[in-house]
Amino acid sequence: MNHIAFRISFIYTITLFIFAFLQHFLLGSQASDIGTFEQFSWLIANGKINEISSLRGIAPLQDHFSLLLIPIAFIYKIIPTTYTLIALQSIALGIIPALTLKLAKEKNSPNPITASLLVAVLLCPYFFLVNLGDFHPEILTAPIMLLAIQETKKARSNRYFIYFLITLLVKKSQVLFGAGLSLYGLANRQYKKAIITLLISIGWWIISAKFSAAGGDYVNLRLGYLGETKSAILITILSKPWYILSEATPESILFYVIGLTLPFLAILRKNSLNALIGTLPILLTNIISSSGIQRELNHHYSIGIMPFIITACLDSIKDWEKIAHKTLKFIYYLTVILSIISFIGYARIGYFKSRYFPNLKEAIAFHRVKSSISSDKSILTDKIYAAHFANRLIVNTIESGRYLPLKNYDYIILPNSDVNNPRENQKIKAKSNRISEVIKTAQDQGISCNFSDYFQICTPKL
């Protein structure tokens, strides 16, 4: 079983990495996530932990107070490339199938149920999508979150609190995962663990909120439509829950929940309820948020939900022990069908044909130019190219609106204004106008600009 689990996870990791590598190489990533975290990693790796990020406008630890960025930066220092971050994330997600098999074996899971759970994990569209192109530190702790949940019901506490603290220190918002652990502990009558977990979570929120205050108040930003203060928000949720539907329609909520759970539905049983209760702090926060991306499967906001869903399946094993083998085989085939439907319906695999592969020639030309520009040069570019120039002190985007004066940059690198990037169909006209404006301003200032089939390069300082 160990060899099989290792091989499966190895192949899964390589698959995740290849797709994420391709999307990033083919200009399918943006500066807002992977670019920002690479610049954070570069700053920390180069002893500039308190330096302001030119992409984010704050220092690395002021963005959610993610302490995991420090060890990530040490690894990045050794292999300073975006693909290091992508590889770390792919490895973390790739561990989950092997870990799931190990936990199922420990619980003496019937073979068809073990196979069902493995298929559900491997074809889960969320794991595939969340790994594509972007990077977030909390995704690296997904296996540790699963281990923390598994330790909840055990008598020992040392491992539980070690796993829990590792997941908590990753990001301020991980307090929601801590709240989920508390609910799971209460549901399983682990009252002491549950209370301590909740108190630690609240304490961490208070501390991290002070250190990350410069990054903004995301509670008011995304839940402010429910009230001007946190107490007003809570009162509105309890007294007027229908207000939520002004930001999230019932069909969008249903589509989101089905996307997370469909591969696992056939495995869930009565004993799954406690773990599903543990998903509520994160799930409900995502549902009521005015930011629709929290209900999209290609974003990191749901990563803390998935270990609880896997645990819900593991907790159901006792319900399957006395079920006839014929029924277990039916559950396996049903899970395969549901997982395939889920992956085809949600994984957006067609994007590679329609959005990414058409960029191949532009990507090759871009990477050729990029390789000739050293990391000590300052760059002005757009949010897509910026995802590839984040390994430096100064890189800015024309979308930021705070990029002037142009003479401050060594290079201005922008796509041709008439190139229709498939990821920005609705905004291409405005972006084209902005690009034309920047190039015209550069030429009016006597800055030398060269044009190719795909992009324009200006050299203010040369």
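We did not get these values from a lab; they are worked out from the coordinates using the rules stated. Note that the coordinates shown come from a computational prediction; the quantities given were computed from them, not determined experimentally. Glycine also receives a Cβ, built like all others from the backbone with ideal geometry; neighbour counts cover every protein chain displayed.
Tell me, rounded to the nearest percent, the portion of alpha carbon pairs in the chain spaced more than 42 Å apart.
Working: 20567 of 106491 pairs.
The answer is 19 percent, as a whole percent.
In square nanometres, what is one fourth of the surface area of the convex hull spanned by the alpha carbons of region 174-236? Walk me through the numbers on the way to the answer.
Numbers: hull surface 19.5 nm².
One quarter of the hull surface, i.e. the mean projection, equals 4.9 nm².
Taking other Cβ within 10 Å of each residue's Cβ, how do Phe343, Phe211 sort, fewest first? Intermediate values should be presented prior to the final figure.
On the way: Phe343 18, Phe211 15.
The most exposed by this proxy come first: Phe211, Phe343.
Cross-link partners among lysines for Lys240, C-alpha distance below 23 Å, same-chain residues fewer than 8 apart left out?
Partners found: Lys230.
What number do you get for region 296-427 when its Cα radius of gyration is normalised by 2.2 N^0.38 Å, N = residues? If you can, show how the numbers build up before the last one.
Numbers: Rg = 23.6 Å, N = 132, 2.2 N^0.38 = 14.1 Å.
Here the answer is 1.68, to two decimals.
Would you order Tyr256, Tyr333 from fewest to most other beta-carbon atoms within 10 Å of each residue's own beta-carbon?
Tyr333, Tyr256
Work out how much length Phe6 to Glu228 would gain on full extension: take 0.36 nm times their residue separation and subtract the Cα-Cα distance, in nm to one decimal. Display every interim value, and only then the final one.
On the way: separation 222, 0.36 × 222 = 79.92 nm, distance 5.05 nm.
This chain segment gains 74.9 nm when fully extended.
Taking the chain as a whole, which cysteines find no other cysteine Cβ under 4.7 angstrom from their Cβ?
Cys124, Cys313
Which entries of Lys107/Lys193; Lys172/Lys377; Lys107/Lys329; Lys172/Lys270; Lys172/Lys431 have Cα-Cα distances beyond 26 Å here? Each step should come with its number before you reach the end.
On the way: Lys107/Lys193 22 Å; Lys172/Lys377 33 Å; Lys107/Lys329 19 Å; Lys172/Lys270 33 Å; Lys172/Lys431 34 Å.
Violating the 26 Å limit, Cα to Cα: Lys172/Lys377; Lys172/Lys270; Lys172/Lys431.
Report, in whole Å, the centroid distance computed from the Cα atoms of region 65-118 and region 263-285.
One Cα centre to the other: 21 Å.
For the chain, give the share of DSSP beta bridges that are antiparallel, in percent and rounded to the nearest 5; count only bridges with both residues there. Could you put the intermediate results ahead of the total?
On the way: 7 of 12 bridges.
Approximately 60 percent, going by the DSSP bridge assignments.
Run through region 160-222 and list the trypsin sites (Lys or Arg not before Pro) located in a DSSP loop whose Cβ has at most 16 other Cβ atoms within 10 Å.
On the way: sites: Lys171, Lys172, Arg189, Lys192, Lys193, Lys210, Arg222; in loops: Lys171, Arg189.
Here the sparse-neighbourhood loop sites are Arg189.
Between region 127-148 and region 345-412, what's the alpha-carbon centroid distance in Å?
25
Per residue and in Å³, how big is the convex hull formed by the alpha-carbon atoms of region 1-45? Write down the numbers at each step before the final one.
Working: hull volume 4.1 nm³, N = 45.
For region 1-45, the hull spanned by Cα atoms encloses 92 Å³ per residue.
Kindly provide the GluC sites (Glu not before Pro) of region 143-247 that DSSP labels as loop, not H, G, I, E or B, and whose Cβ sees at most 13 other Cβ atoms within 10 Å.
Values: sites: Glu151, Glu228, Glu247; in loops: Glu228, Glu247.
Of the GluC sites (Glu not before Pro), the ones in loops of region 143-247 whose Cβ has at most 13 other Cβ atoms within 10 Å are Glu228.
Would you list the P(r) distribution for region 112-237, with all Cα-Cα distances sorted into 10 Å bins from 0 and each bin expressed as a whole %?
11, 31, 35, 20, 3, 0
Loop only per DSSP, at most 11 neighbouring Cβ atoms within 10 Å: give me the chymotrypsin sites (Phe, Trp or Tyr not before Pro) in region 66-121, ordered by residue number. Numbers along the way, then the final one.
Details: sites: Phe74, Tyr76, Tyr83; in loops: none.
Taking region 66-121 and a limit of 11 other Cβ atoms within 10 Å, no loop chymotrypsin sites (Phe, Trp or Tyr not before Pro) are found.
Report the gain in length on full extension from Ile349 to Ser246: 0.36 nm times residue separation, minus Cα-Cα distance, nm rounded to one decimal. Don't jump to the answer; show the numbers that get you there.
Working: separation 103, 0.36 × 103 = 37.08 nm, distance 3.09 nm.
Net length gain for the segment: 34.0 nm.
Region 10-57 to region 159-173: how many Å between their Cα centroids?
Measuring centre to centre over Cα atoms gives 23 Å.
Based solely on its DSSP helices, what 222 nm [θ] is calculated for the chain when runs of n ≥ 4 H residues each add -39,500 (n - 2.57) and the sum is averaged over all residues, nearest 500 deg cm²/dmol?
Details: 21 runs with 253 residues, N = 462.
The per-residue figure over the chain is -17000 deg cm²/dmol.
Once both axes come from the Cα atoms, what is the angle between helix 142-151 and the longest principal axis of the chain, in degrees from 0 to 90, rounded to 10?
Approximately 20 degrees, to the nearest ten.
Grab the eigenvalues of the alpha-carbon gyration tensor for region 19-134, scale each by 5, take roots, and send me the semi-axes largest first in whole angstrom. Display every interim value, and only then the final one.
Values: eigenvalues 227, 52, 26 Å².
For region 19-134, the ellipsoid semi-axes come out as 34, 16, 11 Å.
Hey, what D do you get for region 361-458 in µm²/s if you plug the Kirkwood alpha-carbon radius into Stokes-Einstein at 10 °C and 1.306 mPa s? Please report the intermediate quantities before stating the final value.
Numbers: Rh = 13.6 Å.
My calculation gives 117 µm²/s for D.
Determine, for Glu296, Glu38, the number of other Cβ atoms within 10 Å of each Cβ, and report the residues in order from fewest to most.
Values: Glu296 18, Glu38 29.
Ranked by crowding around the Cβ, least crowded first: Glu296, Glu38.
Report Rg/Rh for region 333-380, rounded to two decimals, where Rg is the Cα radius of gyration and Rh the Kirkwood radius. Kindly include the intermediate steps, with their values, before the conclusion.
Working: Rg = 18.9 Å, Rh = 14.1 Å.
We get a ratio of 1.34 for region 333-380.
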